[in-house]
1. Among what's in the range 1-31 and is acidic (Asp, Glu) and farther than 14 Å from Gly67 by Cα, pick the residue that is surrounded by the most Cβ atoms within 10 Å (Cβ to Cβ).
2. Considering only residues that are surrounded by fewer than 18 Cβ atoms within 10 Å (Cβ to Cβ) and β-branched (Val, Ile, Thr), which ones fall in the range 44-60?
3. Among (1) loosely packed, with under 10 Cβ neighbours inside 10 Å; (2) among the β-branched types (Val, Ile, Thr); (3) modelled with pLDDT of 85 or more, there is one condition Thr97 misses while meeting the rest; what is its number?
4. Given (1) more than 25 Å from the chain's Cα centre (by Cα); (2) modelled with pLDDT of 60 or more, identify the lone condition not met by Glu102.
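The values are calculated or read from the model by the stated rules, or taken from the named source; none is laboratory data. Remember, it's a predicted structure, so these values are computed and weren't measured experimentally. Cβ sites come from the backbone with ideal geometry, for glycine too, and all protein chains shown count toward neighbours.
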Amino acid sequence: MDLEVGAIVDGKITGITKFGAFVAIAPGKSGLVHISEIASTYVSDVRDHLTEGQEVRVKIIGVDQSGRMNLSIKAASAAPAEEPRMRQQARPQAAVTEPSFEDKLKRFMQDSDSKMSGIKQYSDKKGSRRRGR
């Protein structure tokens, strides 16, 4: 069994937590499916979508330095459907690239800082009016 990033394998759910599910994909090998990687829709409770002992198809989306595997159910089910669509549109591979996690995080932090400064300015103005009375 080839256990490298991008491989799609079958596994069995061995444990469920509030943040995801652990999946055994080979003897002695398991990984985590984060709650955000379970379905393409919003998942508020993992147990609404998965049960212990359930057989699932997962895609290996990452392996960290410790050897822990990050898995995705939605990427495994979406991969075959997306491939033909991209062939029909005949877009070059470079045009489909998605921003990296670091770029997304940087953008999020900038937006968050901007919103927080706006809230702080509003609350400072509101507080100074009340103190002046």
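1. Only one residue fits best here, namely Asp10.
2. Thr51
3. (3)
4. (1)
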